[in-house]
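Worksheet: the structure to be examined is printed underneath.
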Amino acid sequence: MAIHFEKDAQNIVTLTIDMENRSQNVLNDVFEKELATAVDKVAEDNTIAGVILTSGKKDFMAGGDLDALYALTDAKTVFDWGMSFKTILRKLETCGKSVVAALSGNTLGGGLEVALACHRRIAINNPKAKLGLPEVTLGLLPGGGGTQRLPRLIGIQNSLQYLLEGTQLNPEAALQAGFIHELATDKDDMMNKAKQWLLANPGAKQPWDEKKFKWPGGDNNHPAVAQMWMVAPAMLNKKTFGNYPAAQNILNCVQGGGSVDFDTGCRLEARYFANTVVSKEAKNIINSLWYQLNKIKKGESRPQGFAPSRVTKVGILGAGMMGAGIAYVSAYAGIEVVLKDVSKEASEKGKSYSAGLLEKRVAKGKMSAEQKDAILGRILATDQASDLKGCDLIIEAVFENRELKAKVTQEAEAQIAETAVFASNTSTLPITGLAERSSRPQNFIGLHFFSPVDKMALVEIIVGKQTSPETLARAFDYVLQINKTPIVVNDSRGFYTSRVFATYPMEGIALLLEGQHPRAIESAGLKAGMPVGPLALMDEVSLSLVLHIEGQTRKDMEASGKSYQAHPGMAVVERMVKEFGREGKKASKGFYDYPADGKKHLWPELQQHFKPAETELSQEEMITRMMFVQALETVRCYEEKVLTTAADANIGSIFGWGFAPFKGGTLQYINDFGVKEFVGKCEELTAKYGPRFTPPALLKKMAANGETFQ
């Protein structure tokens, strides 16, 4: 059974959701059928004084069954399912009996929609519990009346921020926002409060079923709401560029619902829900950000046969921005940290970075001053190598210079146990080469963090030729310990993320060289779904750094007897740095100017030095080029065994450099386009723009065999 029906001496019925063989309650066909039966029974029994809907599990409900939704491809089937579920909830709230939702733990998605169909909501005040409608984060929208009940409960304008952002609130915040009516200290208190309310409020109605119902903040005809609707679509499009149907459809549901009665609004929601569920964007997002992300977090890329490990003390070499960030996330996770630099002053400056972040959390009420002090107390700022004694993990985060890295490696290894793991935070230098200067190369691995470390979720783990499986397992466990997402790649120059990420800004620069307007290039990058335009991104990275890395790459390849072919865009980078002295954002001048007293803007002289072409490329053609180069380089990484799973490729691209989430990642982009069609387009682009668009042999083979990336 999924729902247990129990009637007490006061004629109060408790419906306890406790789905068999599941750790979480989910909204599926089994639940829906049993809820329908229970609601019919409640409606027909005139002796019932009230109903409590609660959970027999730690959480109330996790939401809808994504497996079932992901499999649906027929819009009519989705519409009928949505209307069927809404009919059950509608009967629950209009059956003439008062209903209380007694909420323990997480109440998310469809679970919150069930609760919103109850006349009162009481939640246990557990600060770790979350309540919300996060469907939009998976490319979906609430399909159980959420887009109609929430606006009628808290107002149109207030509801949009939660619906469009998928915000999850703890119980106290949910009470303030108006999601729930009351807090309880524990389950007994919650059930007692529910019964007391039911006995005092028989025959309750929802606000929207009252004859004198007025929308909180006004309906669509209210001047403030009408004015909001004049600008909201444009603001949403500016943020999403029309790439996310779920967000647009949520807006349509709320706007449409604000002009009609509740039942018509629910039917409207069912239509938009069906349109969203069957969209390619929803399938792409669910595939990557649900299925593949969960595979990674469950350890798909972690070597088996090694017991889970935890780091107790980590040494970080280099207290610059990266080292300071790694120190912060490690200390925050409860790990003792030794932050070492060449001087005590430098290491203390690195520690102050953590102090600044923690002080902001205290100011926002997200932690106490005591918690802040405890975290800072775990960070030892030092200039003494001897303080590294007892560390079971060392992370080197110094400048990208082989000799410097070798020096700090040997200095640290002299202090730590033979079993300790040594990791380099390099973003480009091959791990195998760096490990040559280590006395225990089997314990040497790469941990590539992304900046700013406290905000970026990804860590790229790089396995060198001599890295042992146990070292990889321990590194993997550490990344999970600090609440980051690990992807595992094999060693090569630039690894995966740095290597593929670079293709995007470089293609934008190649377009500039060909005479395309810089503003059109930037707009195409944003329309493609990238978080920043390619020229702005190159400024962020630093043109001088790119030139330095290119020079090092050229030397290394020539030293190993390989020929080096520069990307056409490198000619632009070289001119920008050497001829014009424009090194990027840090120098306040790159492709953009960065005035101290104003907003950044494109350098006015760009088109003077890079002459406009006679023919302008279409936005679609520029988008295709910038997306294809990323996908193609990912396939090359896959073909060369730098990558071993499609999940690592897709999640690495989305979390690492913001590759369009609605496309599901770089390899899913190819699936979405169609592998055979993608190869055909590559051949067309190769003929126009050169060999960087040549489809790899692996891709041609997959196209011939009708295969996709799984």
task: Might you check whether a residue that is aromatic (Phe, Trp, Tyr), within 15 Å of MET538 (Cβ to Cβ) and open to solvent by 20 Å² or more (accessible area, probe 1.4 Å) occurs anywhere in the stretch 501-512?
output: yes
message: Condition check: within 24 Å of the chain's Cα centre (by Cα) and either within 20 Å of GLU300 (Cβ to Cβ) or open to solvent by less than 50 Å² (accessible area, probe 1.4 Å) (or both). Does PHE659 satisfy that?
response: yes
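State all residues of the stretch 537-564 that are assigned to a helix (DSSP H, G or I), of a type in the set (Gly, Ala, Ser) and over 33 Å from the mean Cα position of the chain (by Cα); if no residue qualifies, say none.
GLY551, ALA559
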statement: Per the list (1) open to solvent by less than 10 Å² (accessible area, probe 1.4 Å); (2) more than 24 Å from the chain's Cα centre (by Cα), residue check on VAL479 breaks on (2)
message: Quick check on this structure: which one of TYR689, TYR669 is more than 23 Å from VAL489 (Cβ to Cβ), open to solvent by less than 50 Å² (accessible area, probe 1.4 Å) and hydroxyl-bearing (Ser, Thr, Tyr)?
response: TYR689
- request: Report, by residue number, each residue of the stretch 622-656 that is among the hydrophobic types (A, V, I, L, M, F, W, C) and under 12 Å from the mean Cα position of the chain (by Cα).
  value: ILE651, ILE654, PHE655
query: Looking at this structure, is SER84 within 29 Å of TRP197 (Cβ to Cβ) and in contact (Cβ under 8 Å) with a residue 12 or more places away in the chain?
result: no
Scan of the stretch 525-573 for residues that are farther than 20 Å from ASP593 by Cα, out of contact with any helix residue (DSSP H, G or I) (no Cβ under 9 Å at 6 or more places or on another chain) and either acidic (Asp, Glu) or at pLDDT 95 or above (or both), ordered by number: GLU558
message: Of everything in the stretch 114-136, what is open to solvent by 10 Å² or more (accessible area, probe 1.4 Å) and either without any contact (Cβ under 8 Å) to a residue 40 or more places away in the chain or not charged (D, E, K, R) (or both)? Give them in sequence order.
response: HIS119, ILE124, ASN125, ASN126, PRO127, PRO134, VAL136
- prompt: For the subset of the stretch 139-167 comprising residues that are buried (at least 20 other Cβ atoms within 10 Å of the Cβ) and either aliphatic (A, V, I, L, M) or closer than 26 Å to ASP189 by Cα (or both), which member is farthest from the chain's Cα centre (by Cα)?
  reply: ILE156
task: Hand me the list of helices (runs of 4 or more DSSP H) wholly inside the stretch 215-330 holding 2 or more residues that are at pLDDT below 95 and within 30 Å of ILE651 (Cα to Cα).
output: 223-240
- line: Checking THR624, THR634 in turn, the sole residue that is open to solvent by less than 40 Å² (accessible area, probe 1.4 Å), of a type in the set (S, T, N, Q) and under 21 Å from SER279 (Cα atoms) turns out to be THR624
All helices (runs of 4 or more DSSP H) inside the stretch 349-459 with 3 or more residues being buried (at least 19 other Cβ atoms within 10 Å of the Cβ): 402-413, 431-435
query: Going by the conditions given, is VAL500 part of a helix (DSSP H, G or I) and touching an Asp or Glu at 6+ places or on another chain (Cβ under 7 Å)?
result: yes
- prompt: In the stretch 578-611, what residues are assigned to a helix (DSSP H, G or I), more than 18 Å from GLY533 (Cα to Cα) and aliphatic (A, V, I, L, M)?
  reply: ALA587
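Residues are listed down the side, and each one gets a yes or a no for (1) open to solvent by 60 Å² or more (accessible area, probe 1.4 Å); (2) more than 38 Å from the chain's Cα centre (by Cα); (3) aromatic (Phe, Trp, Tyr):
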{"site": "ARG22", "(1), (2), (3)": "yes, no, no"}
{"site": "GLU32", "(1), (2), (3)": "no, no, no"}
{"site": "THR37", "(1), (2), (3)": "yes, yes, no"}
{"site": "SER55", "(1), (2), (3)": "no, no, no"}
{"site": "ALA71", "(1), (2), (3)": "yes, no, no"}
{"site": "ALA75", "(1), (2), (3)": "no, no, no"}
- request: Pull up the stretch 215-245, narrow it to residues that are open to solvent by less than 40 Å² (accessible area, probe 1.4 Å) and within 32 Å of the chain's Cα centre (by Cα), then point me to the one that is farthest from LEU526 (Cα to Cα).
  value: VAL225
- prompt: Of the residues in the stretch 171-208, how many are open to solvent by less than 50 Å² (accessible area, probe 1.4 Å), under 16 Å from ALA123 (Cβ atoms) and part of a loop (DSSP other than H, G, I, E, B)?
  reply: 3
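Give me a count of the residues in the stretch 692-710 that are open to solvent by less than 60 Å² (accessible area, probe 1.4 Å) and not aromatic (Phe, Trp, Tyr).
Initial filter on the stretch 692-710 (open to solvent by less than 60 Å² (accessible area, probe 1.4 Å)): 692-696, 698-699, 702-703, 709.
If we keep only those that are not aromatic (Phe, Trp, Tyr) as well, we get 692, 694-696, 698-699, 702-703.
Result for the stretch 692-710: 8.
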- line: Selection from the stretch 290-316 of residues among the hydrophobic types (A, V, I, L, M, F, W, C) and open to solvent by less than 10 Å² (accessible area, probe 1.4 Å) yields ILE296, VAL314, ILE316
Hits in the stretch 150-168 - residues which are touching a residue at least 60 places away in the same chain (Cβ under 8 Å) and either assigned to a helix (DSSP H, G or I) or touching a helix residue (DSSP H, G or I) at 6+ places or on another chain (Cβ under 7 Å) (or both): PRO151, ARG152, LEU153, ILE154, ILE156, GLN157, SER159, LEU160, LEU163, LEU164, GLN168
- request: Working carefully through the options GLY64, GLY111, find the one that is out of contact with any Lys or Arg (no Cβ under 9 Å at 6 or more places or on another chain), surrounded by 24 or more Cβ atoms within 10 Å (Cβ to Cβ), under 13 Å from GLY144 (Cβ atoms) and modelled with pLDDT under 95.
  value: GLY64
task: Tally the residues that are under 24 Å from GLU300 (Cβ atoms), in a helix (DSSP H, G or I) and of a type in the set (Val, Ile, Thr), restricting the search to the stretch 662-710.
output: 3
- request: Kindly check whether there is at least one residue in the stretch 296-308 that is among the β-branched types (Val, Ile, Thr), closer than 30 Å to PHE709 by Cα and touching a helix residue (DSSP H, G or I) at 6+ places or on another chain (Cβ under 7 Å).
  value: yes
query: What number of residues within the stretch 410-455 are under 25 Å from the mean Cα position of the chain (by Cα) and of a type in the set (Val, Ile, Thr)?
result: 3
message: Pairs please, first residue from the stretch 554-576 and touching a residue at least 40 places away in the same chain (Cβ under 8 Å) and within 24 Å of GLY508 (Cβ to Cβ), second anywhere and open to solvent by 70 Å² or more (accessible area, probe 1.4 Å) and assigned to a helix (DSSP H, G or I), Cβ atoms under 8 Å, 6+ apart in sequence or on different chains.
response: PRO568/LEU513; GLY569/LEU513; ALA571/LEU513; VAL572/LEU513
query: Do you know which residues across the stretch 565-621 are over 33 Å from the mean Cα position of the chain (by Cα), closer than 19 Å to LEU526 by Cβ and open to solvent by 80 Å² or more (accessible area, probe 1.4 Å)?
result: GLU616
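The values are calculated or read from the model by the stated rules, or taken from the named source; none is laboratory data. Just so we're clear, the structure is a prediction, and the values are computed from it rather than from any experiment. Please note: Cβ atoms are built from the backbone with ideal geometry, for glycine as well, and neighbour counts cover all protein chains shown. Remember, those area values only see protein heavy atoms, side chains included, never the ligands or the DNA or RNA. Shrake-Rupley method; radii C 1.70, N 1.55, O 1.52, S 1.80 Å.
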